[in-house]
1. For the chain, what is the relative contact order in percent, using Cα pairs closer than 8 Å and at least 6 residues apart in sequence?
2. When the expected Rg is taken as 2.2 N^0.38 Å, what fraction or multiple of it is the alpha-carbon Rg of the chain?
3. Between the DSSP loop rule and a limit of at most 10 other Cβ atoms within 10 Å, which GluC sites (Glu not before Pro) in the stretch 1-79 are left?
4. With runs of 4+ DSSP H residues as the only contributors, calculate the mean residue ellipticity of the chain at 222 nm using -39,500 (n - 2.57) per run, divided by the residue total and rounded to the nearest 500.
5. So which trypsin sites (Lys or Arg not before Pro) in the stretch 73-110 are both in a DSSP loop and have at most 15 other Cβ atoms within 10 Å of their Cβ?
6. What does the extension gain come out to for Asp23 and Val70, with contour length at 0.36 nm per residue minus their alpha carbon separation?
7. Give the value in nm², to one decimal: projected area of the alpha carbon convex hull of the stretch 1-74, averaged over all directions.
Amino acid sequence: MKSQFVPNEKEFKIMEDIKNGKDKPVLMLNLNKYVAEVDYPSGEIYNKYMEALNKLVKQVGGKVLWQTPVLGQPIGEQDIDEVLAIWYPTHRAFLELKNQKASAINFKLRDICIQHAVIHRCSESIIPK
């Protein structure tokens with residue numbers, strides 16, 4: 001496993017506490033940089049990864065709300081190719097991703113496709129009703 005995919009223990013503890021208390025929906029904002037070999041956004045491997053990701057997210061009741069290519073970065077130094085906003089009905093749902101049938105292929109393709117990734121946990125209240 002790439003070191004970037006090692007869970008932030010402090011953050012996962014917070015999510016575990018939420019899961020075991022008053023669990024609520026959560027929006028995960030994924031900032032991804034892809035390896036050149038996957039030919040983002042039209043490459044076959046990238047498209048297989050997106051299919052696997054969508055299947056995995058659906059297995060826990062989540063939904064990819066939107067995804068967009070990054071066209072440039074006027075300020076800062078974070079080089080990414082794509083932003084994905086993924087809604088989960090609960091923190092438990094997000095934490096259960098690793099236990100789903102589709103997780104093995106998804107995580108294998110993720111390791112092949114992604115050069116660098118950051119996921120931000122955001123309030124679901126920003127999602128238009």
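Read-outs: derived from the displayed coordinates by stated rules, not from any lab. Model, not experiment: these values are computed from the prediction. Because the Cβ atoms are built from the backbone with ideal geometry, glycine has one as well, and the counts that use them run over all protein chains shown.
1. Numbers: 193 pairs, mean separation 53.1, N = 129.
Here the relative contact order equals 41 percent.
2. Working: Rg = 14.7 Å, N = 129, 2.2 N^0.38 = 13.9 Å.
Normalised Rg, Cα atoms only: 1.05.
3. Working: sites: Glu9, Glu11, Glu16, Glu37, Glu44, Glu51, Glu77; in loops: Glu77.
Within the stretch 1-79, the qualifying GluC sites (Glu not before Pro) (loop, at most 10 other Cβ atoms within 10 Å) are Glu77.
4. Computed mean residue ellipticity for the chain: -10500 deg cm²/dmol.
5. Numbers: sites: Arg92, Lys98, Lys101, Lys108, Arg110; in loops: Lys101.
Hits after loop and neighbour filter: Lys101.
6. Working: separation 47, 0.36 × 47 = 16.92 nm, distance 3.19 nm.
Answer, rounded to one decimal: 13.7 nm.
7. Numbers: hull surface 28.4 nm².
The orientation-averaged projected area of the Cα hull of the stretch 1-74 comes to 7.1 nm².
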